[in-house]
1. Starting from residues that are aliphatic (A, V, I, L, M) and exposed (fewer than 11 other Cβ atoms within 10 Å of the Cβ), keep the ones in the range 63-92 and report whichever is modelled with the highest pLDDT.
2. Only one of these conditions is not met by ILE70: (1) in contact (Cβ under 8 Å) with a residue 40 or more places away in the chain; (2) outside any helix (DSSP H, G or I). Which number is it?
3. When the range 1-49 is examined, which residues are found to be under 30 Å from THR76 (Cβ atoms) and not in a helix (DSSP H, G or I)?
Amino acid sequence: MGNLSSLMFPLLLVLLAVPLFLSARKQKRAMAEQQQLQSSLQPGDKVMTTSGLYGTVADASHDTTIDIEISEGVVTRWLRAAIREKVAETDEAVLEDKTDEPEAEVTTAPAAQVAEPLDHNVKK
């Protein structure tokens, strides 16, 4: 029994340490990829921010900020860290197609009936 208990601690240590090591390594790699993406941005790149805003890089000459054109002639300044990913041309085309669709005809529903307001001061 003494032999088994002496092996339990190293085994337990390995079972806890290996997943922690692997997750830390994965997180470090993801951070490095994100930093590489943010430093490689150039004017004309289509991007999406962490808040889901799509736009085109207008100016990437600043170290910590980046200017994004979100609509023709509308340029906003963002932190580089807010850029989540570059967007492929096909993704952008899908978005533009959705905005070019003609709007569906709006039909009005019959007016809803509204109940009389309750008067809490009336005693029954």
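1. Of the residues in the range 63-92, the ones aliphatic (A, V, I, L, M) are 66, 68, 70, 74-75, 79, 81-83, 87-88.
Going one step further and asking which of them are exposed (fewer than 11 other Cβ atoms within 10 Å of the Cβ), we end up with 74, 88.
Working: VAL74: 94, ALA88: 81.
Here the residue is VAL74.
2. Here ILE70 meets the rest and fails (1).
3. The initial filter retains those residues of the range 1-49 that are under 30 Å from THR76 (Cβ atoms), namely 27, 30-49.
SER40, LEU41, GLN42, PRO43, GLY44, ASP45, LYS46, VAL47, MET48, THR49, listed by residue number.
The values are calculated or read from the model by the stated rules, or taken from the named source; none is laboratory data. Worth saying up front: this structure is predicted, and the values here are computed from it rather than measured. Ideal geometry is used to build each Cβ from the backbone, glycine not excepted, and the neighbour counts take in all protein chains shown.
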